[in-house]
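Novice: First, the structure itself, so that you have it in front of you.
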Amino acid sequence: MRRDWARLSAGGAVGKGIGAAREILLARFFGTGAVADAYRGSLTLTLSPVHLLTTKAVQNCFVPLYARYASSNPAKGRALFQSLLLFFVALGLLLAGALALFAGPLVEFVLRGFDPERSLLAERMLRIFAAGVPFYIYCSVLGALGAAQKDFLIPSLRPGLQNLGMTALIVVAARRGEPALAAYGFTATYAALALWATAHLARRGLLPLRPALDRELAREAWARLWVLLRPLVVLSLLVEANILIERNITSRIGPGSVAGVDYARFLTESVHFLLAVPLGLLGLAYFADLGDRETSERADRMVALLLLATVPISVFLAINGRDVLSILYLRGKFDEHSLAITGRALIGLGAGLWAFSASHVLQRVLNARLRNGEVLRGEALSVALNVACNVLLYRSLGVLAIGIGAAVGPLASFLYYLRRIGPGDGTLRRTALHLLAAAPFYAFLSLAAGRLAGGGAIGLATQCVLAAGFWAAVFSARAETRGLILEKAGRRDHR
């Protein structure tokens, strides 16, 4: 599992490195102006219904179910995959047509705060993005098929290739003065990815090419899938509604808010995708066959290790995020006004990063255990608190309210999931209390150092050295923490 996590994280690191280049170029060429807002808004309108219809079924239900069928009933597994693939590709074609046909009304309804310039550009981009939807869904199904058989090459390479294609077309769009061309980066990349993913799985013998669409086998497999999927259908509705409500509210805050929130979210999601997402994907396959007690103990220690990485980063970004943003983005059309919008959003997003990542991993553990009803209740709690913060606070706090909501909701779901999975051996509880107790002391030292060192590259370098030294001392001061790090590094077994 450690080797697979390292492989997925390495792929994610490359992908996020290319993604950073994409964000920097987007900020330089378009700042937080009309093009950036339209690009972000139309991409959300494309992916939100796709994720609503496919993500929970393809990843959270198909992966653990196919993993079980692969060893117990391969014929039923083949029937499940082939029928699932046909169904979702057809669904993708219908969805692409609907997005293209109703692009105008969708933009007007969801991105209500956009001015005419932003709205017209978002409509045009949405129609281009829509053409890539069937390819995106096809790649998702093949990636899940590989993951269910412990081949993680497709999900590990997919983020990097996606970002590479999108980056290239952003540059082309800026150079030619035709902003809508940027949307072709998504569509063209997934068309190429679909061909490569098919060839990769076929070459490794992991693609069930022999027809297995036996009606009875498919019916039994889908009956089992539907039992697992029912609570996740409601969950998908909640999650995607949350995203669209957030987009609607953010568009009302003012010009540049949609792009500013996404520039900030890129930093927190980069950490999340490098650390938590690989653990979550691995958990879907590795926790499926464990007993409840072993699941509780392994999840406890795994999330404890995750917090050792994410809590320090969360506090660092909440305090020093503006300096990080200025180094990354402050050039070209990304000016001080853009920096102010993005920096306020990052305060809340950064503070909640650790809870967001921990909640995600525990959610995937419950998915692997086929306890999707508990996932539904946890995410319903998270969405309700997130929406409440957005609605109640956006008029007074602006984009800061978006960040606060994104922190409060995941914190609640994390605590709920922790209660449902069980305490394990208590490592997670003790580690979390130790880190959260140390965080205020680091915050005080960081703020004091900021006054002395100032901002800019020198100030940020000073803050990095301070953070590394402080948290290294915190980790080394506690024997259990040292043992946990050494155990996961493979140097010894700490019990």
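Novice: Among the residues of region 70-87, write down those that are surrounded by fewer than 22 Cβ atoms within 10 Å (Cβ to Cβ) and not in a loop (DSSP other than H, G, I, E, B).
Specialist: ALA70, SER71, SER72, PRO74, ALA75, GLN82, SER83, LEU85, LEU86, PHE87 - these are the residues of region 70-87 that are surrounded by fewer than 22 Cβ atoms within 10 Å (Cβ to Cβ) and not in a loop (DSSP other than H, G, I, E, B).
Novice: State yes or no: is GLY41 in contact (Cβ under 8 Å) with a residue 40 or more places away in the chain, surrounded by 24 or more Cβ atoms within 10 Å (Cβ to Cβ), more than 24 Å from the chain's Cα centre (by Cα) and part of a helix (DSSP H, G or I)? Give the steps one after another, and end with the answer.
Specialist: Numbers: in contact (Cβ under 8 Å) with a residue 40 or more places away in the chain: yes; surrounded by 24 or more Cβ atoms within 10 Å (Cβ to Cβ): yes; more than 24 Å from the chain's Cα centre (by Cα): no; part of a helix (DSSP H, G or I): yes.
No: the conditions fail for GLY41.
Novice: Here's something else I'd like to know. Can you say whether ARG482 is surrounded by 11 or more Cβ atoms within 10 Å (Cβ to Cβ), assigned to a helix (DSSP H, G or I) and of a type in the set (Lys, Arg), as far as the supplied structure shows?
Specialist: On the way: surrounded by 11 or more Cβ atoms within 10 Å (Cβ to Cβ): yes; assigned to a helix (DSSP H, G or I): yes; of a type in the set (Lys, Arg): yes.
So ARG482 fits the description; yes.
Novice: Going by the conditions given, is ALA223 more than 20 Å from the chain's Cα centre (by Cα) and surrounded by fewer than 20 Cβ atoms within 10 Å (Cβ to Cβ)?
Specialist: yes
Novice: Using the structure shown, decide if VAL324 is closer than 18 Å to LEU428 by Cβ and either in a helix (DSSP H, G or I) or open to solvent by 20 Å² or more (accessible area, probe 1.4 Å) (or both).
Specialist: Details: closer than 18 Å to LEU428 by Cβ: no; either in a helix (DSSP H, G or I) or open to solvent by 20 Å² or more (accessible area, probe 1.4 Å) (or both): yes.
So VAL324 fails the test.
Novice: Can we say THR32 is of a type in the set (S, T, N, Q), at pLDDT 75 or above, open to solvent by 10 Å² or more (accessible area, probe 1.4 Å) and in contact with a Leu (Cβ under 8 Å, 6 or more places away or on another chain)?
Specialist: No; evaluated as a whole, the condition is false for this residue.
Novice: Next up: Filter region 258-280 down to residues that are open to solvent by less than 20 Å² (accessible area, probe 1.4 Å) and of a type in the set (A, V, I, L, M), then give me how many there are.
Specialist: Count: 5.
Novice: Name the helices (runs of 4 or more DSSP H) wholly inside region 96-178 in which the number of residues that are open to solvent by 40 Å² or more (accessible area, probe 1.4 Å) and within 23 Å of ALA191 (Cα to Cα) is 2 or more.
Specialist: Numbers: elements: 103-110, 116-130, 133-148, 153-176.
Hits in region 96-178: 116-130, 133-148, 153-176.
The values are calculated or read from the model by the stated rules, or taken from the named source; none is laboratory data. In this text the structure is predicted, and so the values were computed from the model without any measurement. Cβ: placed from backbone, ideal geometry, glycine included. Neighbour counts: every protein chain shown. Accessible surface is based on the protein model in full, side chains and every heavy atom, while ligands, DNA and RNA are left aside. Shrake-Rupley method; radii C 1.70, N 1.55, O 1.52, S 1.80 Å.
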